[in-house]
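Okay, structure first, notes after.
Where a number appears in this text, it was derived from the coordinates with a stated rule and is not lab data. All of these numbers come straight from a predicted model, not from anything done at the bench. Neighbour counts run over all protein chains shown; Cβ positions are idealised from the backbone, glycine included.
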4 protein chains.
Amino acid sequence: MHFSSDNAGPVPQQVLDALARANDGHVPGYGEDALSHRVRDRLRELFEAPEAAVELVATGTAANSLALASLVQPFDTVFCAPVAHIHEDECNAPEFYTGGAKLTLVPGGDRMTPAALEAAVAAEGTRGVHGAQRGAVSITQITERGNLYDLDDLHALTAVARAAKLPVHLDGARFANACVALGCTPAEMTWKAGVDVAVFGGTKNGLMGVEAVIFFDPARHWEFQLRRKRGGHLFSKFRYLAAQMDAYLSDDLWRDLASRANARCAELVAGLGKHAQVLNDARGNIVFATLPRAVHHRLRAEGASYYVWQGDPDAGDDTGDLVVRLVCGWSLTEEDVARFTAIVRAG
Amino acid sequence: MHFSSDNAGPVPQQVLDALARANDGHVPGYGEDALSHRVRDRLRELFEAPEAAVELVATGTAANSLALASLVQPFDTVFCAPVAHIHEDECNAPEFYTGGAKLTLVPGGDRMTPAALEAAVAAEGTRGVHGAQRGAVSITQITERGNLYDLDDLHALTAVARAAKLPVHLDGARFANACVALGCTPAEMTWKAGVDVAVFGGTKNGLMGVEAVIFFDPARHWEFQLRRKRGGHLFSKFRYLAAQMDAYLSDDLWRDLASRANARCAELVAGLGKHAQVLNDARGNIVFATLPRAVHHRLRAEGASYYVWQGDPDAGDDTGDLVVRLVCGWSLTEEDVARFTAIVRAG
Amino acid sequence: MHFSSDNAGPVPQQVLDALARANDGHVPGYGEDALSHRVRDRLRELFEAPEAAVELVATGTAANSLALASLVQPFDTVFCAPVAHIHEDECNAPEFYTGGAKLTLVPGGDRMTPAALEAAVAAEGTRGVHGAQRGAVSITQITERGNLYDLDDLHALTAVARAAKLPVHLDGARFANACVALGCTPAEMTWKAGVDVAVFGGTKNGLMGVEAVIFFDPARHWEFQLRRKRGGHLFSKFRYLAAQMDAYLSDDLWRDLASRANARCAELVAGLGKHAQVLNDARGNIVFATLPRAVHHRLRAEGASYYVWQGDPDAGDDTGDLVVRLVCGWSLTEEDVARFTAIVRAG
Amino acid sequence: MHFSSDNAGPVPQQVLDALARANDGHVPGYGEDALSHRVRDRLRELFEAPEAAVELVATGTAANSLALASLVQPFDTVFCAPVAHIHEDECNAPEFYTGGAKLTLVPGGDRMTPAALEAAVAAEGTRGVHGAQRGAVSITQITERGNLYDLDDLHALTAVARAAKLPVHLDGARFANACVALGCTPAEMTWKAGVDVAVFGGTKNGLMGVEAVIFFDPARHWEFQLRRKRGGHLFSKFRYLAAQMDAYLSDDLWRDLASRANARCAELVAGLGKHAQVLNDARGNIVFATLPRAVHHRLRAEGASYYVWQGDPDAGDDTGDLVVRLVCGWSLTEEDVARFTAIVRAG
């Protein structure tokens, strides 16, 4: 009953197999081997973007920060939600990679609204040389609070960006979960929706550590490669990144893994029923929910792991609810979910 | 007959096995799992440094740059050889991670001499607030040209650094090859020789991508961790780095792999005999040698791969020698070497 | 009737005289001349801080950014008000000088409350290596909206910082106006109130371009000097900065100039009476006030200059109020103010 | 007898007068006042470059670093002489402003030769994504060792840059001295000779602290302005920079001051005659010369000030020569020089 994070579970056997298969003979390093070339081609194909610049890195922080650094100048600001991973969870990596650009937090929740974005963009543009310049918009899909932007939402947000001539970055740490939830293609969720640079996350969805960065306009491709090397993110034995992504793309593994995670999430919501208040839309693989404190203690006693988001479970008496975060990884089983929800329902 | 690079060959089966073994169940991320803890303990034990701060990263560039960034300030300079990897092959990563520190190239070859280092350090200290401040000394062992510092050499260099109150960084991309060649312990080649921070390289010696950074004084440990995260180098699924290093440390695999590579190198030197002029000391796993142009063409025709360091093999007539670099990886076979040298000897 | 900014007016004759006096003979550069030494001593005396490190720079942005860069690390964040000059008006200079630190905007108005600061500090400290680290607190006195922190307010804010072990920076672009308004000494408004580093602004209060940065703990003095040089802010002909500050300190000129500006401000508030709604406490030299649109047009016609803060003066009909910012410089005359308020009162 | 530096002497009366004249009334800040506009126009006129982007800053380090930051990317390198001011005397400011670009020291003396530059440029371009990218060439005229590039030299150097598609930066801290020595126009020494960005120094030649940066291609003008503001180098009371430059441009003051300095230098060389060995071409305002130790002691006793470049004047016996640097400022008198050379000739 592990709901703590989608980086806590194992990788599927296909990934190990792909590493073993790739572990054969001598090949050029630094992404110039045949497998790496093929994987980039496959990604272009998947995204229906034959001209796109495609590169792999090993962490989401690197993917996001390098992408943003290719989009903005050090005197710019990036518009994002207040809970954006790039703001809260990357220890100033975007500031580091951009050379000191700022993040402007668009007021509101985890899902930026077009109106709030428009107002924030407008407010930032009034100070001439004195203020940060408007640089880019960053959207996380699915958000850090487990909510989904529908395609219409994305179109509306990117339209605001486009009107202000700002490029759009998509933090797709849970790209596959979003794609599956929306029933759309990667292209529909990215360039067809106005996204300029997308991170196609693999790590949270079952890889050991690989993310693809996709620039639909390849003009900054070489700059990105230089920034990646300068950041220490160009792997010499690149084939082991490529092999993981190759497995991910084969037989729609990426979609299959995300489908499993999302299905568990749906079962979880259904199973919680009225015994817990689900606080987000939970169409991806994350549930934020309130749990009675007593239930929490029972779950813990039974070995369930998850993150208490709000409230101190050990505070005083056993009354009052907690807010918990439940993340469904690809390897979670129906039995795990059933056992968890049974405990909750037992009250 | 692959002599092009020690990042071109496969990883040993033990590494794949270790990944498979680690791929079990749910564990905490970001290096807080039991395996990661154990690996750090094992490294401290190997280096006979119970107080050392030990961390893993995935690339040598990250290891070196993060280590240097923890040692120097942005207004400092790092003394290194003109051919240092940190200067020539990291696309300004040290400058990036240090926030703009400078590298001062100590005149001479790949092996800094104490006298040259002392002169360079002295020259840099005369400009008060106007000049770069003296920050650290960086030594590569074995050097980028395949030469070895004997322990006495290291002691002499670090004594110069110590006299100027400068910390010493050891770029140990080929640490194991050096250790085997010197027949010394990791401790003897690092803190016992005056090194403050060492990179214990795994990637070139058989891992997919893992380097350990070892601070013998743990005072900057937390800062290093923050810088690593800020650089996007903190892996969420850390166990897959730890597993590789665990395999590397088990049954002295690191030493075994380097011994093989060095043995091939010795066979290579012996086999070349008087048919090629070996230009470096070649006690590690790298040979720089002159080859007649005709021999080069024959080797290529037979499928040998290596890097032509000087001279244009395709220039005009077939006379004149080339300088080639021959790197022996752990997986190179005696037969490979024998075949290669036989071709050379055939003239 | 110039109320647009305190950087728009002339400098007092004493400053020109001081420049002329300093323009004599050959002296060492870079702040090593006798006058520069004397000025630093005088500042230490003024601040009753014999151990303080004191340095001059030419702009407020440099003063603030260099001070902050000496206080925080690149992976830190600085707590400040949402309208802080360091956030809104310095084009990412703090991010630049700190190497990419973040600014955390403490919710609320221009005057941070201890409670809001405490909550912001607490919220930022929960993410371990993933989040920005808590670095420093920055307070602007008087604020960018013309409000004053009383000494008790300062004590309360710095107590919050102290409890979290955070150093406190005081942006004193209008330090003198605040000091005069509070009727306190520079020491009372800085180190006695818990401030670690203060900017003693001269430019807005009558100098051509000089600000003093005062570190009450001199431990980072040398680092500051290196960062200043590295930022291109170490003037070779330093005496011309020192001369201005020398004039500023002579015969309490700094206090005299601020007293004039504040007196004009008080006259302005009194003169506006009920004909305009003053929106800030206006105890310094700045008034934010609502003005009827018709009055605004009359003022403009009569040659008054000031900044329209909210509302479009040229929009449609002549009804509805505007918010204007009226800044009183030292050179503003009683007649200027009287004329201005007479127009307002005429309605 | 002050030969220590051209930043040690006073400014001409015209500069003080201009400051006094500018000190009148209220004007817009940040370079938007009429005087600032006029000065920029005058500079465009002087340089015969009606389209050029022209901006003022207060220090040479700022001028050079900001110019370079507008020309190169953080992953680039700037080619310059080993004794370039940007390398030796700016405490890593170029690295800071460029975000971590490298400086490649072209082997040789203070005057780069086209052949050495060409070789350095060629050598830097062989490592693909691994090496620093070629970014720009920086030339100091007159050099830090007091030597002059003739116009042909400049043409030859910039031709090498042009062939490699590299922009050329001219560090003109002593621009006027060079221009006077060559008897050429500013245009001939800059854009007509292939220079892309020139620093037209005023500080060393008599201003309190003003340098003009001139981009002959204005494409990066806005970026430069943002970088200047971000560096804290945009003066609010800009008129006091502009006034100095205005005086400098009036009645060819800049040329007049440099002519005086160069004339003193010529007298100095003539006066030294065979009693000292002049080591540089000394056509500008700087002499490097050997002086007998005894002569040095006599000069010092008589009150002469200058910098001992090589040798320890206080070492042991009174034999052996010293190398000294003698800088002629605009305010040095014929009598100063005559007295100095008389002492030398007295032996």
In Hz, Karplus ³J(HN,Hα) per residue of the stretch D:221-232 (6.51, -1.76, 1.60; θ = phi - 60°; x = Gly, Pro)
4, 5, 4, 4, 5, 5, 5, 5, 4, 4, x, x
Once you order the gyration tensor axes a ≥ b ≥ c over the Cα atoms, which shape class does the protein assembly as shown get: rounded for a/c under 1.5, otherwise prolate or oblate by comparing a/b with b/c?
oblate
Label-zone membership for the stretch A:209-247, site A:R162, 7 angstrom Cα→C-beta point, backbone N under 17 Å
A:216-217
If the stretch D:13-253 were replaced by its equivalent ellipsoid, with semi-axes equal to the square roots of 5 times the Cα gyration tensor eigenvalues, what would those be, largest first, whole Å?
31, 19, 15
What is the calculated FRET efficiency for D:A187 to A:A219, with r their C-beta to C-beta distance and R₀ = 41 Å, to the nearest 0.05?
0.75
Share of antiparallel DSSP beta bridges in chain B, in percent to the nearest 5?
60 percent
Env charge @ B:F288, Cβ radius under 9 Å, K,R +1 / D,E -1, value +2
Chain A residue with Cβ closest to the axis mapping A onto D, distance in whole Å
A:G99, 2
Need one value for C:74-80: mean number of C-beta atoms belonging to other chains within 10 Å of its residues' C-beta atoms.
4
What are the ³J(HN,Hα) couplings of the stretch C:333-347, residue after residue, when phi is run through the Karplus curve with 6.51, -1.76, 1.60 and θ = phi - 60°? Round to Hz, x for glycine and proline.
9, 4, 5, 3, 5, 4, 5, 4, 5, 5, 5, 4, 5, 5, x
When the helices in chain C are scored as -39500 (n - 2.57) per DSSP H run of 4 or longer and the sum is shared across all residues, what 222 nm value do you end up with, to the nearest 500 deg cm²/dmol?
-12500 deg cm²/dmol
Shielding by other protein chains, D:220-227, mean Cβ within 10 Å:
3
Per residue of A:121-127, count partner chain C-beta atoms within 10 Å of its C-beta, then hand back the mean as an integer.
1
Just rank C:I139, A:I142, fewest to most, by other beta-carbon atoms within 10 angstrom.
C:I139, A:I142
Inter-copy label distances at C:R21, 7 Å along the Cα→beta-carbon direction, one decimal in nm, shortest first?
2.6, 8.1, 8.5
When D:E90, D:E32, D:E55, A:E223 are arranged by how many other beta-carbons sit within 10 Å of their Cβ, fewest first, they go D:E32, A:E223, D:E55, D:E90
Taking the stretch D:13-253 and dividing mean pair separation by its residue count, relative contact order in percent (alpha carbons under 8 Å, at least six apart):
28 percent
Hey, rough spin-label estimate for A:D252 and D:D321, points 7 angstrom out along Cα→Cβ, what's it come to in nanometres?
8.6 nm
Under a plain spin-label model, where a point goes 7 Å from the Cα along Cα-to-Cβ, how far apart in nm are A:A342 and B:D150?
7.2 nm
Across the identical copies, how the C:R162 labels are spaced - nm, sorted shortest first, 7 Å along Cα→Cβ:
4.3, 5.7, 6.7
Of all DSSP beta bridges in the stretch A:96-248, antiparallel share, percent nearest 5
45 percent
Hz values of 3J(HN,Hα) by residue in the stretch A:2-9 - Karplus curve (6.51, -1.76, 1.60), Gly and Pro given as x
9, 10, 6, 6, 8, 10, 9, x
Bin by bin, in steps of 10 Å, what percent of the Cα pairs in the stretch B:255-345 do you find, going until the bin that has the longest distance?
18, 53, 25, 4, 0
Say R0 is 56 Å: what FRET efficiency, to the nearest 0.05, do D:T126 and C:T126 get from their beta-carbon distance?
0.70
Run through the other copies and list how far each one's label point is from that of C:P114, in nm with one decimal, shortest first; the point sits 7 Å from Cα along Cα-Cβ.
4.7, 6.0, 7.3
Percent relative contact order of the stretch C:255-345, based on C-alpha pairs within less than 8 angstrom and at least six residues apart?
38 percent
The answer for D:F79, listing residues at least 5 apart or on another chain whose modeled amide H is closer than 5 Å to its amide H, is D:T104, D:G135, D:A136, D:V137, D:S138
For the stretch B:87-149 versus the stretch C:66-119, the gap between their alpha-carbon centres in whole angstrom
35 Å
